[in-house]
Ligand code: HEM
Ligand SMILES: [Cu+2]
């Protein structure tokens, strides 16, 4: 075969080292955050109290920050750094040095923020909404994480730019293109969170100013908060579009379709932050409605992705002789953890996406807003679709980077891990969805609300969440066992870094997809249109600012 | 023995291997699922607000 030479390409060991550094931080965050998640479900069941006067909102902050911010950002940066090295060529020394500087900046920032949370000086939850006020070191730590991630991302962009220069007029390797889209999305999105932290929260927590404009800071946060979830999701899509086809022995359905859907995500995932603020006063409903319309545009690339994945699977199945409407489903390689674990993630995206459409439906948001339904929703999107795909990636990428092999035993354990996670999540997320429809609040320790009848209805669901949480925690232990095995103990060998090929390789992607001036221009135009007038409105009609509150 | 058995079960009907009708059915099912969940919560909304 012609492509067997290509598939043997290895990530350079010097690049592998930097990727692995990211993964160590990510998996430590998973261990810590996972323990907190278990404790949360136990507390909320009403059968268990935290020892030593530890506050519920402190552990909830640890969980949200470790899982939502640290695990995701470090894993994604490590994965994309390796993916660019694998497909666009080994990073130059300058790019690698840039990557290391970014990594250490992020790590130092993480350590600062985590220390303040653990000292109970920053129990502000992972969204750090004003007027809750954390210690200034927490905000400074977050600033370093963001700035570090920009430097880290610059390494990927440098190598992509080098490839483009050496291959004029040719479309870049698909995986590198996708990584760069996601990095650009991240940089544009984090400008908002950097603005609120630097200009509002940091001076305010230092005592340089007394009050903060709450709505401005929340608006800047959600300018960042929605693209944040796409920043988590796109690396999973990278795996689904380009890596899974290779693992099953099929082809990428269409290279151009994949690129187009990534560009649509870049365009439509940023100017939509108001859909997290639909119940918030102070924002003109007309502008909320406009951003809701843009939100629904994201349905298009999502369904394009679903179609293209089904098509990849069906084409592969039929090439193996499967017949009938769904015969192809049975011949998929269910015994391969590299396929099955991400596949469970993909399947979970069906209920996750349906829930998202409900959340975004302007008026219907009132049914679910701030209920535990929302938590159930993002434990399907982030904590199942995304992280199971990340785990599935780890099962070949870690041994690839450490020069080891995924053994049969570990492959089997990986499959068990995926199903354990799935079962735990059916209980936990399922119960969260139903409890939320009955009005049960999120971000709340156990309470009977003074013996209220409605609150009593929630308790059985909270017990079901504790059952699910315990099963999920077992899933986390399995992941950690596999990670440690693959990083340090698995037998030496060569594990493939799978990269798929398009069904029609001679049909190369249109060069307009690489026209960054065009796409960044449209992105900026949409953002300016969606935010300028409402933002001026918010500032001009601002109520008096708020002093800081510490509720813990 | 085994060979003979295989032969009798052999299908003569030939399916086009490039067919994507399973994909079409899958996206339709996906669409119905989205509509059903959406409408159920919509009913809750109409009842409550
Ligand atoms: C052992 C597995 C897990 C368990 C048992 C668990 C449990 C929970 C629970 C019960 C809550 C809500 C508590 C409340 O609102 O009062 C929560 C919140 C959250 N979880 Fe998890 N979770 C797990 C894994 C994950 C993963 C893998 C991620 C992300 C990738 C994640 C991200 C979050 C986030 C961002 C929040 C929101 C925190 C907040 O509202 O401030 N969780 N988790
Ligand atoms: Cu959103």
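The values are calculated or read from the model by the stated rules, or taken from the named source; none is laboratory data. Quantities reported herein were computed from a predicted structural model and do not represent experimental measurements. With ideal geometry, Cβ positions are generated from the backbone for all residues, glycine too; neighbour counts draw on all protein chains shown.
Inspect the stretch A:368-385 for any residue being more than 20 Å from the chain's Cα centre (by Cα), away from ligand 1 (no atom under 16 Å from the Cβ), away from chain B (no Cβ under 14 Å) and in contact (Cβ under 8 Å) with a residue 40 or more places away in the chain and give the result as yes or no.
No: the stretch A:368-385 contains no residue that is more than 20 Å from the chain's Cα centre (by Cα), away from ligand 1 (no atom under 16 Å from the Cβ), away from chain B (no Cβ under 14 Å) and in contact (Cβ under 8 Å) with a residue 40 or more places away in the chain.
Counting only residues that are at pLDDT 95 or above, give me the helices (runs of 4 or more DSSP H) lying completely in the stretch A:1-93 with at least 2 of them.
Per the criteria, A:13-45, A:56-63, A:72-88.
Could you run through the stretch A:512-552 and say how many residues are farther than 24 Å from residue A:168 by Cα and outside any helix (DSSP H, G or I)?
Going through the stretch A:512-552 one residue at a time, the tally reaches 12.
For the structure I just gave you, tell me whether residue A:296 is touching a residue at least 40 places away in the same chain (Cβ under 8 Å), within 14 Å of chain B (Cβ to nearest Cβ), within 20 Å of the chain's Cα centre (by Cα) and over 20 Å from residue A:513 (Cα atoms).
yes
Looking at B:36, B:14, can you tell me which residue is at pLDDT below 60 and at the interface with chain A (Cβ under 10 Å from one of its Cβ atoms)?
Exactly one of B:36, B:14 is at pLDDT below 60 and at the interface with chain A (Cβ under 10 Å from one of its Cβ atoms), namely B:14.
Any residue that is surrounded by fewer than 16 Cβ atoms within 10 Å (Cβ to Cβ) and over 26 Å from the mean Cα position of the chain (by Cα) - is there at least one of those in the stretch A:464-483?
For the stretch A:464-483, residues surrounded by fewer than 16 Cβ atoms within 10 Å (Cβ to Cβ) and over 26 Å from the mean Cα position of the chain (by Cα): absent.
Residue by residue, here is whether (1) more than 23 Å from the chain's Cα centre (by Cα); (2) touching a residue at least 24 places away in the same chain (Cβ under 8 Å) holds:
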site: A:26; (1), (2): no, yes
site: A:36; (1), (2): no, yes
site: A:56; (1), (2): yes, yes
site: A:65; (1), (2): no, yes
site: A:77; (1), (2): no, yes
site: A:81; (1), (2): no, yes
site: A:97; (1), (2): yes, no
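What are the pairs, 6+ residues apart or on separate chains, where a residue within the stretch A:455-477 that is part of a helix (DSSP H, G or I) has its Cβ under 6 Å from a residue that is surrounded by fewer than 17 Cβ atoms within 10 Å (Cβ to Cβ) and at pLDDT below 95?
Once the first residue is part of a helix (DSSP H, G or I) and sits in the stretch A:455-477, its partners that are surrounded by fewer than 17 Cβ atoms within 10 Å (Cβ to Cβ) and at pLDDT below 95 give A:455/A:448; A:455/A:449.
Pick out the one residue from A:436, A:353 that is within 27 Å of residue B:31 (Cβ to Cβ), in contact with a strand residue (DSSP E or B) (Cβ under 8 Å, 6 or more places away or on another chain), buried (at least 20 other Cβ atoms within 10 Å of the Cβ) and within 14 Å of chain B (Cβ to nearest Cβ).
A:436
Given the options A:286, A:258, A:311, name the one that is away from ligand 1 (no atom under 16 Å from the Cβ) and free of Cβ contacts under 8 Å to residues at least 40 places away in the same chain.
A:286
For residue A:256, all conditions in the list (1) surrounded by 20 or more Cβ atoms within 10 Å (Cβ to Cβ); (2) under 21 Å from residue A:522 (Cα atoms) hold save one; what is the number of the exception?
(1)
Among the numbered criteria (1) under 16 Å from residue B:22 (Cα atoms); (2) buried (at least 21 other Cβ atoms within 10 Å of the Cβ), which single criterion is violated by residue A:325?
(2)
Residue under question is residue A:221, and the condition is that it be touching a residue at least 12 places away in the same chain (Cβ under 8 Å), crowded, with 20+ Cβ neighbours inside 10 Å and within 16 Å of ligand 1 (Cβ to nearest atom); does it hold?
yes
For (1) away from ligand 2 (no atom under 16 Å from the Cβ); (2) farther than 25 Å from residue A:19 by Cβ; (3) surrounded by fewer than 20 Cβ atoms within 10 Å (Cβ to Cβ), each residue gets a yes or a no:
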residue: A:486; (1), (2), (3): yes, no, no
residue: A:490; (1), (2), (3): yes, no, no
residue: A:502; (1), (2), (3): yes, yes, no
residue: A:515; (1), (2), (3): yes, yes, yes
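Can you go through A:108, A:130, A:113, A:179 and tell me which one is in contact (Cβ under 8 Å) with a residue 12 or more places away in the chain, touching a helix residue (DSSP H, G or I) at 6+ places or on another chain (Cβ under 8 Å) and not in a helix (DSSP H, G or I)?
A:130
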